[in-house]
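K.L.:
One structure, pasted below without further comment.
The values are calculated or read from the model by the stated rules, or taken from the named source; none is laboratory data. Model, not experiment: these values are computed from the prediction. All Cβ positions, even for glycine, are placed from backbone atoms using ideal geometry, and neighbour counts span all protein chains on display.
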Amino acid sequence: MTNHFYTPISRPEGHQPEAMTGSNEYKLNQGPEDGISAVKFSPSTAQFLLVSSWDCTVRLFDVTANTMRMKYQHTAPVLDCAFYDPTHSWSGGLDAQLKTHDLNTDQDTIVGTHDAAIRCVEYCPEVNVMVTGSWDRSVRLWDPRTPCNAGTFTQPEKVYTLSVAGDRLIVGTAGRRVLVWDLRNMGYVQQRRESSLKYQTRCIRAFPNKQGYVLSSIEGRVAVEYLDPSQEVQKKKYAFKCHRLKEEGIEFVYPVNAISFHSIHNTFATGGSDGFVNIWDPFNKKRLCQFHRYPTSIASLAFNNDGTMLAIASSYMHERGDISHPEDAIFIRQVTDAETKPKST
Amino acid sequence: MAEGGDMEWELSKENIQPLRRGRAISALHEALSLQQDGLSSAINQQRQAFESELRMYDGDDPLDVWDRYIKWTEQTFPQGGKESNLATLLERAVTRFTEEKKYHDDPRYVDLWIKFAENCPEPLDIFRYMQAQGIGVTQASLYIAWSEEYENQGNCRKADLVYQEGFKKCAEPHDKLLQFHKALQARVSRQVMMNVEEDSDDEPKQPERVSLAELKHRGKKKAIAPINRTGSAIRSISGGMQSHGAPVLGNASNSRLVVFDENKTQSAGPSEPKLEAWAAPPTSRAKENERNPEKWCGVKVPQKSKFGHTVMAPPPPKPTFQPFVEESDQPPTMTPCKINPAVNTVLSARKPHREETPLKRLQEHHQQQKEAESGKLQEQSMYCKELLLSGATEFCFEELRAERYFKKVTPEVRGQMDQACASASN
């Protein structure tokens, strides 16, 4: 049996997580030195968080102890990372290399490369395959056991985001296109769609119940879509405005950069460049809550496996050019059922 | 150049769009060989490089990048088409610099405008717009292109007037303008000598489709013919200089009334079967199997009578006999389809097509800029929208940031990285 605890745990006696804006939230120590591109919780425990960054590193945090456990390097900024199992992380970025890292032995392996930067890395447990999407207009599958390439699939445009729903893969590309693939049969595209939002797609995340996905755009809008193409199911899809601030008669519209689903309730959190995090109930079309404003843009969000914690990466994404900005930071927030559970009415 | 290479381009001649300035044969060879296996990654990489250059350029001649990018696109996509994005690029390029007075008489900029006009359904409108905005009014090339357009529509008088306008504005180079004007005069006089009937004076002929002519299709949907014909597609049809074999149909306003003489026709050939008497009815102007989208949701079916029954078409009568069907006659089998197309239409979120011409968009853009200046805007996007949507394809924040990152990184680090890439891919 593999050791699930990476390195021996030596939790400092009496160490209390740094309080921030109340007892239910704290900031992680030893965070990345440059922009944060992704935060991902371990699939099995709420203790470990993987963080990829523009400082060319991937870090593993022990969230409970609020310490960094491990860090490994890429040759260029890292754009995404994912857990394969609790002891292996996969990551890729501007160097176009896909790396896997053994978190027990601290060993690197380069699995393969894309022709351009790797934008997304995901794991599909149903089919047991790693999926990467790149600006070279392709999606590649990787067998995590060998590990080796298991196929390259050309997309019509640069891949900006992707998400796995059961054995289906939802790919969002430039030009507002959405493609739905069947990971068990990659011979052809199952569905070709156009985003129902008018502007660039920022993020797509699938419902944990695998029935649909949520898509966010660069101009303050979120769409809830369903995979079933039948007419009556498609009727249920909708979109709404969010992450907009009104000041003196002018409405400031912010990109919606991050989405994360609550694995049990099928509710989801969105994070925008306005620095706000909202939690939504897609069934009653209601906002469940909004947290306080974070120092800068929300770059990534992640609920843990049982939905009791939310990792919030507040990190400027250069959406308004290379200007001075607040420090990049990761906040861990305890969330309650009142904030995440749909109101039964 | 090798013999085999020459052959190669000869074979795909019909896929090469003519360019005003011709094509470099080496670029043509390269483009044709690259495109044999689809849109190659090399082309994509070059395009990406141009796209990022457009966005990262911080010198004082941003037009240069656009100019090079568009020229590269023309050479790389000899068959034109949607993949080349040429129309989008031209439109973005000309819109981008409308406010920059320093480019208004730049030959490169004027050339872009002319190319843009040639890609539009109504080039004359664009030329008029250019004149109104003062773009290229001192450039001979504008008047030459404009005049040629009139000439193609068979309006030689206007074509000549355009040259007069050019002379009035002292357009440069003067020699070139003079030379082209003389050529026009020569063509017109030759035409008069040959006594070709010239029936349209001021009004340009409407572009029309010739029956049985070949139609180009755009994109993947092979069945759909484009409704708007541009550039050479029209010219070949309504070119005023060529003498038409058949008279142009439907120009009712211009055709003289022909009095039917019974005796004449009968004497001409009474024994001939009069099959061609069923000439097509005159088509109404500007309407060509195009139907404007209209609102359906509010429309009510008129109720016929107060008894509540509407007049309906009677159901087809059932034949009283059994139609004979050959036993071997199977109904045509459908090609297997991956997705049920009836269901799949639900997924397309495309809104009903709005009637929109490039010129309209230009004017809208102009209007928006004015509004933005006067601070009337209700909404403000909190990101660098201009940068993301600059070229023919969009960029995301991360791509822009990556460009900035690579600019900062020293070449040696980049070299190391390339090495690492190479070793990994081996």
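K.L.:
Tell me, which residue of region A:207-229 that is away from chain B (no Cβ under 13 Å) and among the polar types (S, T, N, Q) is surrounded by the most Cβ atoms within 10 Å (Cβ to Cβ)?
P.N.:
A:GLN211
K.L.:
More than 11 Å from every other protein chain (Cβ to nearest Cβ), surrounded by 23 or more Cβ atoms within 10 Å (Cβ to Cβ) and touching a residue at least 24 places away in the same chain (Cβ under 8 Å): is that true of A:VAL131 in this structure? Break it down stepwise before answering.
P.N.:
Working: more than 11 Å from every other protein chain (Cβ to nearest Cβ): yes; surrounded by 23 or more Cβ atoms within 10 Å (Cβ to Cβ): yes; touching a residue at least 24 places away in the same chain (Cβ under 8 Å): yes.
So A:VAL131 fits the description; yes.
K.L.:
If a residue has to be among the aliphatic types (A, V, I, L, M), within 19 Å of A:LYS40 (Cα to Cα) and surrounded by fewer than 17 Cβ atoms within 10 Å (Cβ to Cβ) to count, how many in region A:244-282 make the cut? Spell out how you get there, then give the answer.
P.N.:
Start the filter on region A:244-282 by keeping residues that are among the aliphatic types (A, V, I, L, M), which leaves A:245, A:250, A:253, A:256, A:258-259, A:264, A:269, A:277, A:279.
Filter once more, keeping what is within 19 Å of A:LYS40 (Cα to Cα): A:256, A:258-259, A:264, A:269, A:277, A:279.
Next, only the ones that are surrounded by fewer than 17 Cβ atoms within 10 Å (Cβ to Cβ) stay: A:264.
So the count comes out to 1.
K.L.:
Counting only residues that are assigned to a strand (DSSP E or B), over 20 Å from the mean Cα position of the chain (by Cα) and of a type in the set (D, E, K, R), which one in region A:171-206 is farthest from the other protein chains (Cβ to nearest Cβ)?
P.N.:
Applying the filter and picking the extreme gives A:ASP182.
K.L.:
Looking at region B:14-39, I want the residues that are modelled with pLDDT under 75 and have a partner that is loosely packed, with under 13 Cβ neighbours inside 10 Å with Cβ atoms under 7 Å, at least 6 apart or on another chain. Which pairs are those?
P.N.:
As it stands, the answer is B:LEU34/B:ALA42, since those pairs meet every condition given.
K.L.:
Next question. Go through (1) assigned to a helix (DSSP H, G or I); (2) of a type outside the set (Gly, Ala, Ser); (3) within 26 Å of the chain's Cα centre (by Cα) for B:CYS120 and report which single condition fails.
P.N.:
The number of the failed condition is (1).
K.L.:
Look at A:SER260 and say whether it is outside any loop (DSSP other than H, G, I, E, B), within 14 Å of chain B (Cβ to nearest Cβ), of a type in the set (Ser, Thr, Tyr) and under 16 Å from the mean Cα position of the chain (by Cα). Please lay out each step first, then the result.
P.N.:
Values: outside any loop (DSSP other than H, G, I, E, B): yes; within 14 Å of chain B (Cβ to nearest Cβ): no; of a type in the set (Ser, Thr, Tyr): yes; under 16 Å from the mean Cα position of the chain (by Cα): yes.
Judged against the criteria, A:SER260 is not a match.
K.L.:
Give the residues of region B:83-123 that are within 18 Å of B:LEU19 (Cβ to Cβ), surrounded by fewer than 19 Cβ atoms within 10 Å (Cβ to Cβ) and among the charged types (D, E, K, R), sorted by residue number.
P.N.:
Correct list: B:GLU83, B:ARG108, B:GLU118.
K.L.:
Within region A:323-345, which residues are in contact with a strand residue (DSSP E or B) (Cβ under 9 Å, 6 or more places away or on another chain), loosely packed, with under 13 Cβ neighbours inside 10 Å and in contact (Cβ under 8 Å) with a residue 60 or more places away in the chain?
P.N.:
A:LYS343
K.L.:
State whether the residues of region A:156-170 include one that is assigned to a strand (DSSP E or B) and surrounded by fewer than 20 Cβ atoms within 10 Å (Cβ to Cβ). Explain how you work it out, then say what you get.
P.N.:
Quick first cut of region A:156-170, residues assigned to a strand (DSSP E or B) only: A:159-165, A:168-170.
If we keep only those that are surrounded by fewer than 20 Cβ atoms within 10 Å (Cβ to Cβ) as well, we get none.
No: region A:156-170 contains no residue that is assigned to a strand (DSSP E or B) and surrounded by fewer than 20 Cβ atoms within 10 Å (Cβ to Cβ).
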